[in-house]
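> Dropping the structure in here first, questions after.
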Amino acid sequence: MNGGGLMRAALTNRSLVIGLVLSLVFVGAALISFVWVPQDVTALDIANKIKPPSAAHPLGTDHFGRDILSMIMVGARTSIAVAVVAVVIGMGLGVPLGLAAAARRGSLLDEVIMRGNDLVFAFPSLLIAIMITAVFGPSALNAIIAIGIFNIPVFARLTRGAALSLWTRDYVLAARVAGKGAVRISAEHILPNVTNLLIVQGTIQFSLGILAEAALSYVGLGAQPPIPSWGRMLADSQTMISFAPHMAIFPGMAILLTVLGLNLMGDGLRDLFDPRIRRDRR
Amino acid sequence: MSLLQIEGLNLAIHDYAILHDVSLSVGPGQIVGVIGESGSGKSMTALAVMQLLPEGARATGRVILDGQDVLRLSEAELCGMRGRVMGMVFQEPMTALNPIQTIGDQVAETILVHERVSRTEARERARQALARVELPEDRFPLTRYPHELSGGQRQRVVIAMAIALRPRLLIADEPTTALDVTTQAQILTLLKRLVQEDGMGLLMISHDLAVVADMADHLVIMRHGRVVESGPSPDLFHRMQHPYSKALLAASTHQPDRAAQPQDTPLLEVRGVIRDYATARKGIWGKPGTFRAVDDVSFRIRRGESLGLVGESGCGKSTLTRAILGLEEVQAGSILLDGQPVFTGHKPNRAVRRRMQVVFQDPYGSFNPRHRVERLVTEPFHLLDTPPQGAARDDAIAEALESVGLTADDRHKYIHEFSGGQRQRIAIARALIIKPDLIILDEAVSALDVSIRAQILDLLADLGDRLGLTYLFISHDLSVVRQVTDRVLVMQAGKIVEQGTTATIFDAPAHPYTRQLLAATPRLPDFENT
């Protein structure tokens, strides 16, 4: 398929377009917040605390009188940064491990890598994240590391599974006949053919990362004040939910829409990359 | 009155015309063979009769089955007919059965869908249907799962499902293409017997002229969605009119011209090679067993010779190929190319490896879809110590592509821009680019249509003459092997059971297995050059 055809298929894929738009709104909000926010998020304005949405504060103010729209914009920065770095850690370590396990399938190395993965999988991820932050102190960095570690087995397994079937292809056999070693074959023939899968899984892990960061901040183990974070905004609002529902609704919507957008994008990308599904949807 | 009457069938999928004015008829007890190459519309004709067309398909014309026009029936009425009035047998017995249901249940299911009978009665009739396809209950209990059966036995189960309700019409789409020749012969005999016993019509679709010629009463030759010629078999072979039918027949029996004479010096020597595989261990502490895939095999290929290696699936052909290519180490014996071992000290010998190349069967799976042709064909350069660079590399690419009948400009294209036959040419170009002495052709023409196959065989013969190449031609298809080889090895269960010149093996086979293989090979009716 040529580039134009792919582009057209992408634009007619409804979940991809909606997902992309939603994700871009939040990425855009995070980027804009670096240069401009409606109000300074560190400035307290107790006189105007817990105000419902108004012209001055489109999404209202919180219990310190901070502008919720500004908090959400800056909070997007934290969420996205944590999730991106966590996905990069997961891919950076998980993909090479998966490729190595597939290249030496059935060997001791394969066993060690895959049983190591099982070990990480066996622990409830948030509990371990809480443990890490409990030991090393709560911070955005520790949250990133904790979430990243749990992404490693996801990518390792996915890569190994896809790579195993590629290793039986004739073109891999042809490369072996040409005297190429496992590392070269993995880099030249296996990796480019699993990229699609990795991109799709990457967007899904990205959304899970945002959820995990929100959960950690909610229990106070993510980014620390005064850095705004969606999870902590929810935690702060919970005692006031009966008389100031806007304080919970807007950060909650931000989390919901970002995760929804990323998941839709992942779904759309998978359809786009898989020609069989694409043909059926036409 | 005929059972199935197709009149002026036109079919378009998303406004793309697939079939044009197709007409044919099948009478009770009659076997009609539909022959065509890929893209000829033969399978679409079958699916139109079953009304199992892909989404977006529009059929016009008349398809009258048992007095009713199936094109005008509702989906509910069609469901009532499928399986009861018309049955279908597919090509791939491995995927046509549900792996987690027993064979008895699967056959009984077809009966339960259509008739209000008790489960016990359905099972009883499933038992009868399986017995009719020669899977008697005492040897093949109804509780067997598909994975416990061989490919041929699975195809019998598929046939049992299709005939359980004694349909009036059976459609078989390439029913034996995925099977070995001896199994193929058994399945064809079975289909013939069932047609006679039940007086049902059989619409048999195949790309292989010889398979259909043997059994059909009537032949229909299709091309580009049209019927080009039809008539009663075997007379049709004698008085073919249409140039395409003639070309198809000529391609099926095509004999490439080969001029080169093999020299007396051996190029490849295989001595007493044994290759064992470890099988799964029984229990955690059990010892893994061994499976001997190649058992004490010895042979030689002379320089400039074309040697055939024939055998059915699982006989060890592919394992032997891998051993020769130095991809896997053998447990005993030696493989020498021009006196040099393929493996030295547990490492493949690069100096030897660069003198052999291989062409695989599947023109679609042998290339990384993400690379351009120039990168694909230059892959073997990796074996050279100083691979050509710059202009020398460009020249080598152009030379390799041109020698297989492509142009130097094709180097910038991706593999999906080529047809199956062209891809196989690129595979040959990839093998040729480092100027090897020996090329192993692993079922290299088995997946191609007959006319393309004839072209590729001509190309190989021509290249062999021009470049003094030696071929090891591995195939399950005896008729192709006969056309292109000087000598033949027959392999069964890891052993070479017979070897000799091609003429001797085919005209006076000594080993019972060779005779069995030859007897099972479908043959075109003898027709003199009149």
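The values are calculated or read from the model by the stated rules, or taken from the named source; none is laboratory data. Keep in mind that this is a model prediction, so the values were computed, not measured. When we count neighbours, we look across all protein chains shown, and the Cβ atoms used for this are built from the backbone with ideal geometry, even at glycine.
> In the set B:V227, B:V330, which member is surrounded by 21 or more Cβ atoms within 10 Å (Cβ to Cβ) and modelled with pLDDT of 90 or more? Full working, then the answer.
Details: B:V330 fails: modelled with pLDDT of 90 or more.
Only one candidate qualifies: B:V227.
> While we're on this one: Any idea which residue in the range B:41-90 is nearest to the other protein chains (Cβ to nearest Cβ), counting only those that are of a type in the set (G, A, S) and more than 15 Å from B:I6 (Cβ to Cβ)? Outline the logic, then answer.
Initially, the range B:41-90 is screened for residues of a type in the set (G, A, S), giving B:41, B:43, B:46, B:48, B:56-57, B:59, B:61, B:67, B:74, B:76, B:80, B:83, B:87.
With the extra rule that they be more than 15 Å from B:I6 (Cβ to Cβ), the set shrinks to B:56-57, B:74, B:76, B:80, B:83, B:87.
Working: B:G56: 8, B:A57: 13, B:S74: 23, B:A76: 23, B:G80: 26, B:G83: 25, B:G87: 27 Å.
Looking at the filtered set, the residue picked out is B:G56.
> Would you confirm whether any residue within the range B:352-361 is more than 28 Å from B:H476 (Cα to Cα) and modelled with pLDDT of 85 or more? Outline the logic, then answer.
Initially, the range B:352-361 is screened for residues more than 28 Å from B:H476 (Cα to Cα), giving none.
No, the range B:352-361 contains no residue that is more than 28 Å from B:H476 (Cα to Cα) and modelled with pLDDT of 85 or more.
> Starting from the range B:447-471, take each residue that is free of Cβ contacts under 8 Å to residues at least 60 places away in the same chain and among the hydrophobic types (A, V, I, L, M, F, W, C) and list its partners that are crowded, with 20+ Cβ neighbours inside 10 Å and outside any helix (DSSP H, G or I), counting only C-beta distances under 6 angstrom and pairs at least six apart or across chains.
Pairs found: B:I456/B:V445.
> Turning to a different aspect of this structure: Assess whether A:V200 counts as being buried (at least 19 other Cβ atoms within 10 Å of the Cβ), β-branched (V, I, T), within 14 Å of chain B (Cβ to nearest Cβ) and part of a helix (DSSP H, G or I).
Details: buried (at least 19 other Cβ atoms within 10 Å of the Cβ): yes; β-branched (V, I, T): yes; within 14 Å of chain B (Cβ to nearest Cβ): no; part of a helix (DSSP H, G or I): yes.
When the stated conditions are applied, A:V200 does not pass them.
> Among the listed residues A:T239, A:T195, which satisfies the condition of being part of a helix (DSSP H, G or I), more than 30 Å from B:I439 (Cβ to Cβ), within 14 Å of another protein chain (Cβ to nearest Cβ) and without any contact (Cβ under 8 Å) to a residue 60 or more places away in the chain?
Numbers: A:T239 fails: within 14 Å of another protein chain (Cβ to nearest Cβ).
Going through A:T239, A:T195 in turn, just one is part of a helix (DSSP H, G or I), more than 30 Å from B:I439 (Cβ to Cβ), within 14 Å of another protein chain (Cβ to nearest Cβ) and without any contact (Cβ under 8 Å) to a residue 60 or more places away in the chain: A:T195.
> I've got another one for you. Collect the residues in the range B:42-56 that are over 20 Å from B:V26 (Cα atoms) and either crowded, with 18+ Cβ neighbours inside 10 Å or free of Cβ contacts under 8 Å to residues at least 40 places away in the same chain (or both), keeping them in residue-number order.
Our first condition is that a residue be over 20 Å from B:V26 (Cα atoms); within the range B:42-56, this holds for B:53-56.
Passing the criteria: only B:E55.
> Tally time: how many residues in the range B:309-326 are of a type in the set (A, V, I, L, M, F, W, C) and within 14 Å of chain A (Cβ to nearest Cβ)?
Initial filter on the range B:309-326 (of a type in the set (A, V, I, L, M, F, W, C)): B:309-310, B:315, B:320, B:323-325.
Applying the additional criterion that residues be within 14 Å of chain A (Cβ to nearest Cβ) yields B:323-325.
Residues in the range B:309-326 being of a type in the set (A, V, I, L, M, F, W, C) and within 14 Å of chain A (Cβ to nearest Cβ): 3 in total.
> Moving on. Please pick out the residue among A:S217, A:S229, A:S207 that is on the phi < 0 side of the Ramachandran plot, in contact with a Lys or Arg (Cβ under 7 Å, 6 or more places away or on another chain) and away from every other protein chain (no Cβ under 14 Å).
Numbers: A:S229 fails: in contact with a Lys or Arg (Cβ under 7 Å, 6 or more places away or on another chain); A:S207 fails: in contact with a Lys or Arg (Cβ under 7 Å, 6 or more places away or on another chain).
Residue meeting the stated conditions: A:S217.
> Something else about it: Checking B:A461 against (1) under 21 Å from the mean Cα position of the chain (by Cα); (2) within 30 Å of B:R515 (Cβ to Cβ); (3) among the small types (G, A, S), only one condition comes out false. Which one?
Looking at each condition in turn, B:A461 falls short on (1).
> Something else now. Which one is farthest from B:D173 (Cα to Cα), of the residues in the range B:143-155 that are touching a Leu at 6+ places or on another chain (Cβ under 8 Å) and surrounded by fewer than 24 Cβ atoms within 10 Å (Cβ to Cβ)?
Taking the range B:143-155 and keeping what is touching a Leu at 6+ places or on another chain (Cβ under 8 Å), we get B:146, B:151-155.
Checking the rest, the ones that are also surrounded by fewer than 24 Cβ atoms within 10 Å (Cβ to Cβ) come to B:146, B:151-154.
On the way: B:P146: 20, B:G151: 16, B:G152: 15, B:Q153: 17, B:R154: 15 Å.
Filtering first and then ranking leaves B:P146.
> Hand me the list of helices (runs of 4 or more DSSP H) wholly inside the range A:130-192 holding 2 or more residues that are surrounded by fewer than 22 Cβ atoms within 10 Å (Cβ to Cβ), away from chain B (no Cβ under 14 Å) and in contact (Cβ under 8 Å) with a residue 40 or more places away in the chain. Before you say what the answer is, go through the steps one by one.
Working: elements: A:140-167, A:170-177, A:182-185.
Ranges flagged: A:140-167.
> Please go through the range B:419-467 and give me each residue that is away from chain A (no Cβ under 14 Å), among the hydrophobic types (A, V, I, L, M, F, W, C) and not in a helix (DSSP H, G or I), ordered by number.
Hits for the range B:419-467 are B:V445, B:L448.
> I'd like to check which helices (runs of 4 or more DSSP H) are fully inside the range B:139-240 and have at least 3 residues that are among the aliphatic types (A, V, I, L, M) and touching a residue at least 60 places away in the same chain (Cβ under 8 Å).
On the way: elements: B:151-163, B:181-198, B:209-215, B:235-238.
In the range B:139-240, the matching helices (runs of 4 or more DSSP H) lie at B:151-163, B:181-198, B:209-215.
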